[in-house]
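These notes are about the structure you will find just below.
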Amino acid sequence: SQQGEEDPQALSIQEGENATMNCSYKTSINNLQWYRQNSGRGLVHLILIRSNEREKHSGRLRVTLDTSKKSSSLLITASRAADTASYFCVASGYSTLTFGKGTMLLVSP
Amino acid sequence: SQTIHQWPATLVQPVGSPLSLECTVEGTSNPNLYWYRQAAGRGLQLLFYSVGIGQISSEVPQNLSASRPQDRQFILSSKKLLLSDSGFYLCAWRTGHESSPLHFGNGTRLTVT
């Protein structure tokens, strides 16, 4: 199974600033997915980028993928206090998806 | 629309007691089903996954087992809980398509005392 590793482990910013999280993985993938987890809750799927795509947008989210470097980044623009959560990437194969430890994002009002 | 139900939400069990956590999915057929465990402040550890009835794959040898008695039912069990089994257990499903995202339940917070 492929595993994503997020960086940084924790990120603290002010409302209105942009937040950038990075993800690295080790093997070939079909796609890479980003998830969000509010404290004590299940994870919610945010966005998926396929291995033949380089950039994808969804609302305030922008994801990039560099398969040559085996890395991805998630950018949240104009952050809000409600964006406070942990964010996980997962490099996806077929049957299993293995998560890293996540980036804990704190957005202060 | 598809929904996933996981219960109970919280559970406190003594060491040595049995465990049964249940997860059911509605609105889809033949889903791939997953059990993850998350220790405090940590990432998710894949415990078991199933691509069909009676088909269980274990990712980590441990004190737990899983069963899939029906197409949309996934059960996590233990005969005797250990302190180290404490954690946040998450059930998830996805379709068999390689681009399908995971859909998670709300989780069960298990504390073994």
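Round to a whole number: what % of the accessible area of region A:31-109 belongs to carbon and sulfur, probe 1.4 Å?
Summing carbon and sulfur atoms, their accessible area is 50 percent of the total for region A:31-109.
Any idea which of A:Ser86, B:Leu11, A:Leu105 is furthest toward the positive side of the dipole for the protein assembly as shown, if Lys and Arg beta-carbons carry +1 and Asp and Glu beta-carbons -1?
The listed residue farthest towards the positive side: B:Leu11.
Based on DSSP, what percent of beta bridges with both residues in the protein assembly as shown are antiparallel, to the nearest 5?
Here the antiparallel bridges make up roughly 90 percent for the protein assembly as shown.
Could you give the nm distance between label points at B:Gln55 and A:Ala81, where each point is 7 Å from its Cα heading toward the beta carbon?
According to this spin-label approximation, the distance is 4.8 nm.
Return the FRET efficiency for the residue pair B:Gln73, B:Ala39: r is the Cβ-Cβ distance, R0 is 35 Å, and the value is rounded to the nearest 0.05.
0.85
Nearest 100 Å² is fine: what is the total accessible surface buried where chains A and B meet, probe 1.4 Å?
Looking at A and B, the buried total is near 1800 Å².
On average, how much accessible surface per residue is there in chain A, in Å², for a 1.4 Å probe, leaving out ligands, DNA and RNA?
47
What's the magnitude of the charge dipole for region B:3-112 around its Cα centre, counting Lys and Arg as +1 and Asp and Glu as -1 at the beta-carbon? Answer in Debye, nearest 20.
240
For region A:17-109, which GluC sites (Glu not before Pro) are in a loop by DSSP, counting at most 15 other Cβ atoms within 10 Å?
When the GluC sites (Glu not before Pro) of region A:17-109 are filtered for loop state and at most 15 Cβ neighbours within 10 Å, A:Glu17, A:Glu53 remain.
For A:Ser68 and B:Ala9, FRET efficiency with R0 = 41 Å and r from the beta-carbon atoms, rounded to 0.05?
So the FRET efficiency works out to roughly 0.40.
At a 1.4 Å probe radius, which order do A:Arg54, A:Arg36, B:Arg109 fall into by accessible area, largest first?
So the residues, ranked largest to smallest area, are A:Arg54, B:Arg109, A:Arg36.
Using a 10 Å cut-off around each Cβ of peptide A:42-51, what is the average number of partner chain Cβ atoms that fall inside?
Per residue, the number of nearby Cβ atoms from other chains is 4 on average.
Please report the antiparallel percentage of DSSP beta bridges with both residues in region A:4-108, rounded to the nearest 5.
So the antiparallel bridges in region A:4-108 amount to around 90 percent.
Pull up the DSSP beta bridges for chain B and report the antiparallel fraction as a percent, rounded to 5.
Bridges in chain B that DSSP calls antiparallel: roughly 90 percent.
Between region B:28-88 and region A:19-77, what's the alpha-carbon centroid distance in Å?
For region B:28-88 versus region A:19-77, the Cα centre distance is 25 Å.
Can you give me the accessible area per residue for chain B, using a 1.4 Å probe, in Å²?
Spelled out: the 1.4 Å probe surface of chain B, per residue, equals 45 Å².
The values are calculated or read from the model by the stated rules, or taken from the named source; none is laboratory data. This is a predicted model, so every value here is computed, not measured. Cβ sites come from the backbone with ideal geometry, for glycine too, and all protein chains shown count toward neighbours. Note: accessible area is taken over every heavy atom of the protein model, side chains too, but ligands, DNA and RNA are not part of it. Shrake-Rupley method; radii C 1.70, N 1.55, O 1.52, S 1.80 Å.
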